[in-house]
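Please read the structure below before turning to the comments.
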């Protein structure tokens, strides 16, 4: 039965090539994550920058195309500044400087 399973694993690579899919190169390493460069909070790095709800151009960087707040793992903010950015976005939405949603 072990011969059968090794045969199947070789054929799965062949099946992937037949259908135009690339084989999974990380299949032999479960739980392995991509190693990327750590993003630095732009507000911690530059102490002069201030989070202000009256500046919609600065806040648009933290809003997705659909109008959602970008999470901190993507924006690179620290937890403290992400909370301040979220609060500023909510305040700007209340006084109609930023949209709640974006219509297509």
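Taking the numbered list (1) part of a loop (DSSP other than H, G, I, E, B); (2) modelled with pLDDT under 95 in turn, residue 8 passes all entries but (1).
One residue stands out among those in the stretch 49-77 that are surrounded by fewer than 15 Cβ atoms within 10 Å (Cβ to Cβ) and under 23 Å from residue 38 (Cβ atoms): the one that is farthest from the chain's Cα centre (by Cα), which is 49. The set of residues in the stretch 78-104 that are part of a loop (DSSP other than H, G, I, E, B) and under 22 Å from residue 38 (Cα atoms) contains only 78.
The values are calculated or read from the model by the stated rules, or taken from the named source; none is laboratory data. The structure displayed is predicted, hence computed values, not measured ones. Heads up, the Cβs are rebuilt from the backbone with ideal geometry, glycines too, and the neighbour counts pull from every protein chain shown.
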